[in-house]
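This report concerns only the one structure given below.
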Amino acid sequence: VDSDKWHRQYDRHFKKYSKRYFGPHYDWHWFKAQGIAESGLKPQAKSSVGAKGIMQIMPATYKEIKASNPHLAGIDEPRWNIAAGIFYDRQLYRRWWMNKVPTDQRLSFAFASYNAGIGTVNKAFRKAGKKHKEVKTWDQVAPYSPRETRGYVKRIDRLMDIDG
């Protein structure tokens, strides 16, 4: 993981919440790469559609996450924004487990769903299923997903130094 964006300022939050929601052996750098892709790790970032913070969470999504995690404070606080983003990743990851996506592919599907929405990625998954006998990889689904989403997943892979 080599990038000028890889400062250590929020590492403890990425480590803590990836461990909490994904387990002690999961590589927390994936979620930091996501934070870099989302906002460049800028806690004050706000998108044109209203997504906020390091993990660029929509306020309505944050409210839903907070209902399951009442200990979370404000969306603008980096610690809670990161926690909510990783919690949401875990929810999306589980959805792709239910679709029987192989373990090594689930995080790509979760990141794509985080970016484009689960409905959009499910639609792309169904389209890919018409071409492929069995859909098992993000590469099979990516061509049917929005260009922005394909770029988003590739950017995270590049940040993690994975061919993408």
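Below are the figures for this structure:
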| quantity | calculated |
| --- | --- |
| Where a residue in segment 40-59 is under 19 Å from A83 (Cβ atoms) and its partner, wherever it lies, is open to solvent by 70 Å² or more (accessible area, probe 1.4 Å) and not in a loop (DSSP other than H, G, I, E, B), with Cβ under 6 Å and at least six apart | K52/K46 |
| Meets criteria (open to solvent by 20 Å² or more (accessible area, probe 1.4 Å), within 29 Å of F125 (Cα to Cα), of a type in the set (V, I, T) and modelled with pLDDT under 95) for V49 | yes |
| Members of segment 85-105 found to be within 26 Å of I54 (Cα to Cα) and either in contact (Cβ under 8 Å) with a residue 40 or more places away in the chain or outside any helix (DSSP H, G or I) (or both), listed by number | G85, I86, F87, D89, R90, Y93 |
| Scan of segment 35-51 for residues that are under 14 Å from the mean Cα position of the chain (by Cα) and not in a loop (DSSP other than H, G, I, E, B), ordered by number | G35, I36, A37, E38, S39 |
| Residue that is least open to solvent (accessible area, probe 1.4 Å), among those in segment 106-164 that are polar (S, T, N, Q) and part of a loop (DSSP other than H, G, I, E, B) | S145 |
| Segment 60-71, subset part of a helix (DSSP H, G or I) and free of Cβ contacts under 8 Å to residues at least 12 places away in the same chain, residue farthest from A116 (Cα to Cα) | A67 |
| The lone exception for G74 - which of (1) open to solvent by 20 Å² or more (accessible area, probe 1.4 Å); (2) farther than 25 Å from H13 by Cβ; (3) not in a helix (DSSP H, G or I) it fails | (2) |
| Hits in segment 22-34 - residues which are open to solvent by 20 Å² or more (accessible area, probe 1.4 Å) and within 13 Å of the chain's Cα centre (by Cα) | F22, W28, H29, W30 |
| Scope segment 12-34; condition touching a helix residue (DSSP H, G or I) at 6+ places or on another chain (Cβ under 7 Å) and touching a residue at least 24 places away in the same chain (Cβ under 8 Å); matching residues | H13, F14, Y17, S18, Y21, F22, W30, F31, K32, A33, Q34 |
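The values are calculated or read from the model by the stated rules, or taken from the named source; none is laboratory data. Predicted, not measured: the structure shown is a model, and the values here were computed from it. Positions of Cβ are generated from backbone atoms using ideal geometry, with glycine treated the same way; all protein chains shown enter the neighbour counts. The area values use the complete protein model at the heavy-atom level, side chains included, leaving out ligands, DNA and RNA. Shrake-Rupley method; radii C 1.70, N 1.55, O 1.52, S 1.80 Å.
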